[in-house]
Amino acid sequence: YLPEINARNKQMQQAAERTAINAPMQGTAADIIKRAMVSVEDWLQEHHQNNARMILQVHDELILEVRESAVDKIRAGLEKRMSAAASLDVPLLVEAGVGNNWDEAH
């Protein structure tokens, strides 16, 4: 509920309008990453329990710890599962970086 949407103060009204527009998008993004996490975790547990594990989620990113010998296979499977987490009218693009730490992976 955003009572400021009817405020006479234009700045307060515009802030409430931005919140009203942004909230559904953020909620949808959160739902998509949750679905991706479940799919990826199920796949890892079933097929790659000794090769990779999900260790962190940051906004729309999943951080995995992966054996070096399995990086290519895990990366391909991760991109596939994350891009299939939701059916949208536009493609759900996924990029996967690799590095010894989060900074290097970007």
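Derivation of every value follows stated rules applied to the coordinates shown; laboratory data play no part. Just so it is clear, the structure is predicted and the values come from calculations on it, not from any experiment. All Cβ positions, even for glycine, are placed from backbone atoms using ideal geometry, and neighbour counts span all protein chains on display.
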**OP:** Work out from phi, with θ = phi - 60° and the Karplus expression 6.51 cos²θ - 1.76 cosθ + 1.60, the ³J(HN,Hα) of each residue of the range 4-15, listed in order in whole Hz, and give x for Gly and Pro.
**Re:** 5, 4, 9, 5, 6, 6, 4, 5, 5, 5, 5, 4
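When the gyration tensor of the range 1-60 is built from Cα positions, what are the square roots of 5 times its three eigenvalues, in whole Å, from largest to smallest? If you can, show how the numbers build up before the last one.
Working: eigenvalues 336, 17, 7 Å².
Over the Cα atoms of the range 1-60, the semi-axes work out to 41, 9, 6 Å.
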Subject >> Charge dipole (the chain, unit charges on Cβ, about Cα centre) - positive-most of 24, 105, 39 >> reply: 24
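How do 102, 43 line up, fewest other C-beta atoms within 10 Å first? Mind showing how you got there, number by number?
On the way: 102 12, 43 16.
Ranked by crowding around the Cβ, least crowded first: 102, 43.
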**OP:** Determine ³J(HN,Hα), in whole Hz, for all residues of the range 66-72 in sequence, where each value follows from phi through the Karplus function 6.51 cos²θ - 1.76 cosθ + 1.60 and θ = phi - 60°; x replaces Gly and Pro.
**Re:** 10, 4, 4, 5, 10, 4, 4
Original post:
Tell me, 39, 69 in order of fewest to most beta-carbon neighbours within 10 Å?
Top reply: 69, 39
Original post:
Once you wrap a convex hull around the alpha carbon atoms of the range 46-103, what is its projected area averaged over all directions, in nm²?
Top reply: 4.5
Original post:
For all pairs of alpha-carbon atoms in the chain, what percent lies in each bin of width 5 Å, listed from the first bin to the last filled one?
Top reply: 2, 11, 19, 18, 13, 9, 8, 7, 6, 4, 2, 1, 0
Original post:
Could you give the length gained on full extension between residue 32 and residue 59, defined as 0.36 nm per residue of separation minus the Cα-Cα distance, in nm?
Top reply: 8.6 nm
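What does the helix-only formula give at 222 nm for the chain: each DSSP H stretch with n ≥ 4 adding -39500 (n - 2.57), the total divided by the residues, and the result rounded to the nearest 500 deg cm²/dmol? Can you show the working numbers first?
Numbers: 3 runs with 55 residues, N = 106.
Estimated from H runs of four or more residues: -17500 deg cm²/dmol.
Please get the size of the charge dipole for the chain, origin at its Cα centre, with Cβ charges of +1 on Lys and Arg and -1 on Asp and Glu, quoted in debye to the nearest 20. All intermediate terms of the calculation are to be shown ahead of the outcome.
Numbers: 11 positive and 16 negative charges, 66 e Å.
With Lys and Arg at +1 and Asp and Glu at -1, about 320 debye.
Got a sec? How would 80, 10 order by Cβ neighbour count within 10 Å, fewest to most? Each step should come with its number before you reach the end.
On the way: 80 13, 10 8.
Taking fewest neighbouring Cβ atoms as first place, the list is 10, 80.
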